[in-house]
Amino acid sequence: MNITVYCGANFGKDPLFAEKARELGAWMARNGHRLVYGAGDVGMMGAVSNAVLENGGEVIGVTPDFFVMAEEIHPNLTDLRISRDMPERRSIMIEEGDAFIALPGGTGTLDEISEVMSLRRLGLLGDRIRPVMLYNVNGYYDHLLAFFDRMADEEFFRKSDREAVHEVKSIEDIENVLASAGETDTKRNTLYIKE
C-alpha cells in the first residue's frame, strides 16, 4: 500500500515527534508499505524517509523543481517525481496515496492534509476508502481535533466527515484504520461527481 505522509521539515521541540516518525517509517518498510512524501531529508521528513530506507522499504519523493535546484531533496530516494509547483506536488501525492497520515508539522502539513480532507468530503478521492489520519503524538493535534468537533457541532462539517478524520496515537491505531482501506466507500458524497 502507498501511504502518503505529511510532516514538517523541522523536528519540533518534542523528541517524541522524531521517534514516532522513525517508528512509523520502520513499520511501513517491514510491512511492505511504500512511503509517498515531500522528498526532503531533514527534520521529520528525513526521520520517516530514512527509517523506511534503512529497513529496506521504498520511498517516492515528490517535490517542485525549485527544491531540486536548491538541492533540498533526499539523495537516496527509490523514485523522485518532480512537479512544476506546489499545487501539482500536492496532486501527485494525493493521486499516489492509498492512505494519508499527518505527523506533526507546520502550515504546509496542515495545508496538505486539509486538502485531502476537503477532497474526501466532496467525494473526489474515488469510490474506495482512502483513510485520513492525524498522528496525534503527545497531544500535538488535540486543539485541531477539538476545532473539527466544533465545526461539526456548528454544522460546517458533517458528522460523517468528522468521523472520517481518524485520530491515531500508535502503530496499532494505524493498523486498525488501514484495515478498511480499499473497501467500497459507502459514505462517499456523489453530489459533485460527473459520470
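Farthest towards the positive end of the charge dipole of the chain, among the residues Y135, G43, M151, is the Cα of M151, using unit charges on the Cβ of Lys, Arg, Asp and Glu. Can you tell me the orientation of helix 107-122 relative to the chain, as the angle in degrees between its alpha-carbon axis and the longest Cα principal axis, to the nearest 10? Its long axis makes an angle of about 40 degrees. Counting other Cβ atoms within 10 Å, keep those with at most 14, restrict to DSSP loop, and tell me which trypsin sites (Lys or Arg not before Pro) in the range 1-55 are left. Within the range 1-55, the qualifying trypsin sites (Lys or Arg not before Pro) (loop, at most 14 other Cβ atoms within 10 Å) are K13. For the range 2-178, the Cβ-based charge dipole about the Cα centre amounts to some 160 debye (Lys, Arg positive; Asp, Glu negative; other atoms uncharged). For the residues A29, A47, A146, a GNM of the chain with alpha-carbon springs under 10 Å puts the largest fluctuation on A146.
Between the range 36-59 and the range 1-35, what's the alpha-carbon centroid distance in Å? So the separation of the two Cα centres works out to 7 Å. Only Lys, Arg, Asp and Glu carry charge here, each on its Cβ (+1 for the first two, -1 for the last two); on that basis the range 136-195 has a dipole of about 220 debye about its Cα centre.
The phi-based Karplus calculation (6.51 cos²θ - 1.76 cosθ + 1.60; θ = phi - 60°) puts the 3J(HN,Hα) values of the range 5-16 at 10, 9, 6, x, 8, 10, 8, x, 7, 8, x, 5 Hz, whole numbers, x for Gly and Pro.
Across the chain, how many lysine pairs, 8 or more positions apart or on different chains, have C-alpha atoms separated by under 23 Å? Please give the number. For the chain, qualifying lysine pairs total 4.
For the chain, a Gaussian network of Cα nodes joined below 10 Å ranks F100, F17, F156 by mean-square fluctuation, and the top entry is F156.
Values quoted throughout were computed directly from the atomic coordinates according to the rules given, and no laboratory measurement underlies them. Since we're looking at a predicted model, the values are computed, not measured. Every residue, glycine as well, gets a Cβ built from its backbone with ideal geometry; the counts of neighbours run over all protein chains shown.
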